[in-house]
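Worksheet: one structure, shown below.
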Amino acid sequence: MTAVFDTLSDPLPHRLAAGLSRLSVALRAGQWRLAEARGLSPTQAQALAIIAARSGPGRHAPRLSEIAGQLAITRATASDAVSTLERKGLVARQPDPRDGRAAGLALTEQGRTAAREASDWPATLLDTAADLSPAEQEALLRLVVKMIRGLQVRGAIAPARLCVTCRYFRPYAHEDASAPHHCAYVDAPFGDRHLRLDCPEQDPLPDDEAGAVWTRFATGAPGAMPTP
């Protein structure tokens, strides 16, 4: 009987991809509505969110190229979006201490308010995620991290500031099943439910070390961790 279903059904990865595609349609529609309600395009709203996430004391204001990379759009498209945000008084350019020839992007006071409003997640998406049990939410977050990592490795998306590729991340450093990992930055244990997808304190590991740490995380195998 199982063989019959295998014959009649599309391959499982195909069905997973189709399901994720449907979720992305719902997410994009919700983001469109939020952005349009505030007089922004989705690209402008996403650019605001990226600038906001990378702003603050001790952090470098993102450059235009970083915005383009994070959104997987051309530099010209990113430039159009940022120029519009500048005209609206939401974004200002400032000297980049990393390179005197380059400029960083910073939010104005009005821009910080707009970023908070435009970066809200559609309520239906949050409610749907909240409908999952805590265990399901934790398991789903772990799977999302794995898929993001897989897309990064394949060059499909720009590198994200994940816990699992950070030099402070120690997978399975503790015996406590609820908090097996360790963050050396704050010197504290944590569990899968606390994995971050965009940590401002993330310090990326070199590719060879990141691969080894990732293998330990993905397989649940403890081992010696790199020294920060």
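The values are calculated or read from the model by the stated rules, or taken from the named source; none is laboratory data. Keep in mind the model is a prediction, meaning the values are calculated, not measured. Glycine also receives a Cβ, built like all others from the backbone with ideal geometry; neighbour counts cover every protein chain displayed. Side chains are part of the model used for accessible areas, which takes the heavy atoms of the whole protein and leaves out ligands, DNA and RNA. Shrake-Rupley method; radii C 1.70, N 1.55, O 1.52, S 1.80 Å.
Please go through region 125-162 and give me each residue that is more than 26 Å from ASP203 (Cα to Cα) and either within 14 Å of the chain's Cα centre (by Cα) or free of Cβ contacts under 8 Å to residues at least 24 places away in the same chain (or both), ordered by number.
Within region 125-162, LEU126, ASP127, THR128, ALA129, ALA130, ASP131, LEU132, SER133, ALA135, GLU136 qualify.
Out of the residues in region 24-45 that are more than 18 Å from ALA72 (Cβ to Cβ) and hydrophobic (A, V, I, L, M, F, W, C), state the one that is surrounded by the most Cβ atoms within 10 Å (Cβ to Cβ).
LEU40
Among the numbered conditions (1) surrounded by 12 or more Cβ atoms within 10 Å (Cβ to Cβ); (2) modelled with pLDDT of 90 or more, tell me where PRO134 comes up short.
Just one mismatch for PRO134, condition (1).
Against the condition without any contact (Cβ under 8 Å) to a residue 60 or more places away in the chain and either of a type in the set (Ser, Thr, Tyr) or open to solvent by 30 Å² or more (accessible area, probe 1.4 Å) (or both), how does ALA81 come out, does it pass?
no
With the condition kept exactly as written, say whether any residue in region 201-220 is exposed (fewer than 12 other Cβ atoms within 10 Å of the Cβ) and touching a strand residue (DSSP E or B) at 6+ places or on another chain (Cβ under 8 Å).
The answer is no, given that none of the residues of region 201-220 is exposed (fewer than 12 other Cβ atoms within 10 Å of the Cβ) and touching a strand residue (DSSP E or B) at 6+ places or on another chain (Cβ under 8 Å).
Starting from region 16-31, keep only residues that are assigned to a helix (DSSP H, G or I), then list their pairs with residues that are among the aliphatic types (A, V, I, L, M) whose Cβ atoms are within a distance under 8 Å, requiring at least 6 positions of separation or different chains.
Cβ pairs passing all conditions: ALA26/LEU125; LEU27/LEU125; GLY30/LEU125; GLN31/ALA45.
Which pairs turn up if I take residues in region 163-175 that are at positive phi and look for partners that are assigned to a loop (DSSP other than H, G, I, E, B) with beta carbon separation below 9 Å, at least 6 apart in sequence or on another chain?
Pairs that qualify, where the first residue is at positive phi and the partner is assigned to a loop (DSSP other than H, G, I, E, B), are TYR172/PRO180; TYR172/GLY220; TYR172/ALA221; TYR172/PRO222; TYR172/GLY223.
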